[in-house]
1. Just to verify a number: FRET efficiency for A:V158 and B:A92, C-beta to C-beta distance, R0 = 25 Å, to 0.05?
2. If I build a Gaussian network model for chain B, linking alpha-carbon pairs within less than 10 angstrom, which residue out of B:F113, B:F132, B:F58 has the largest mean-square fluctuation?
3. Work out the charge dipole of chain B with +1 on the Cβ of Lys and Arg and -1 on the Cβ of Asp and Glu about the Cα centre, then indicate which of B:T36, B:F9, B:W140 is farthest towards its positive end.
4. Under 8 Å for C-alpha pairs, at least 6 residues apart: give me the relative contact order for the stretch B:3-138, rounded to a whole percent.
5. Any chance you could check the Cα centroid distance between the stretch B:85-156 and the stretch A:26-100 for me, in angstrom?
6. Rounded to a whole number, what % of the accessible area of chain B do carbon and sulfur atoms account for, probe 1.4 Å?
7. From largest accessible area down, sort B:S48, B:S135; use a 1.4 Å probe on the protein chains.
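The values are calculated or read from the model by the stated rules, or taken from the named source; none is laboratory data. Keep in mind it's a predicted model, so treat the numbers as computed, not measured. Ideal geometry is used to build each Cβ from the backbone, glycine not excepted, and the neighbour counts take in all protein chains shown. To get the accessible areas, we keep the full protein, side chains included, count just its heavy atoms, and leave off ligands, DNA and RNA. Shrake-Rupley method; radii C 1.70, N 1.55, O 1.52, S 1.80 Å.
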Amino acid sequence: MKTVKHPNSLKIGIFCAFIMFSIFIGSYWTFYPPMPTRVGNDPYNVSLKSLVDNARMLEGQEVVITSTARLVHWNASADVMTFHVHDDYFGITVPVMIENWTSSNVYPVSQVTNGSTVVIRGTCYLQSKGYIAGIELHVLLPDLVYLISITGLVAIIVLLFHYFKVDFKKLVITRKKQDSPEGTT
Amino acid sequence: MTKEKRVLFLIGNVMPDFVRLLYLISSAINFQSFTTLIAVPLNNGSHSLLGVLAYAVFISIFFEPSLAFKQSSFKVIKPGHGPAIVRKWQAATEIPLFLLVIGGVAHLFLDTFMWPFGGGIYWLYPLNGAEFLWSFKAWWPSSPDAIIFLAPFFVVALIAELVMALIGKSKARKHALLN
């Protein structure tokens, strides 16, 4: 019996291999984060696991971490914002303290809530004082970004169905027949 | 560039973010392990030159029969004319893989404007040292600043699309009158 090799099998193979490679290497980096490095005077961009694992090396250094804020507390009289950042997967908790909050940050206190995704630039004092002394904080808005991304995705799908005829049985998209001359909409 | 080609470019443009759907699913069901071990690694991989190429190779499978030998309807220079570089460009845009890749690369370029915090773009993934985390440091990721900065790009693209649609319509009207 004759077997016919599908011409796309190589492409599907390449894609699947890349997906497996991404998952493998990403998981490896999660469990064994690379040694923190930086360029020039840029702060160390680290995960919470990497920060805790390399606390001694990063002591007194400027670091940037992105995580979820919990136990947010603002002491209005002392103008100090404190919260904890968490890595739920590894169960890591790191305290953060930002002094002179109102003068150093443009974000109103109401924006930093329990569950907010925040980027913190600060000095690592995990070994000596047990916390990160925050210098700068940004509240990320992943929900807004997801909303915009999904709107974009819907727009692309609409365009796709508008300009192409999709034959799901063959899983091949062919160009629609044009009755009008070229260049018409 | 024909409408179909522009759509392919747009698909390439959003292609690296397709895997973000996995974030939505995992956050909806609160499945932390899935986010950490699947969604994040796939997102890191897709935001690289290697990832763009791999995703484009796969997506191009669905389009290859449709675009081959198609001619551009919006021609500044007629096919086969003009300098060699223009002729090469015209020939390249007949290939879906090429359009998807340049769309993906444009995505990476725009993402490179962000501060590399909250992920960052490793163009040369899997090389992941700080020296490979390139950034123009213009705005913060996932912040309203990004939307404000990107709005002009969107408006310019929208105007270009409208201009091309109007030119197409006027061409069609002329064609109808001649017939």
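1. That gives a FRET efficiency of 0.40.
2. B:F58
3. The residue sitting farthest along the positive end of the dipole is B:F9.
4. It rounds to 32 percent for the stretch B:3-138.
5. Result: 27 Å between the Cα centres.
6. Within chain B, the accessible surface is 74 percent carbon and sulfur.
7. From most exposed to least exposed: B:S135, B:S48.
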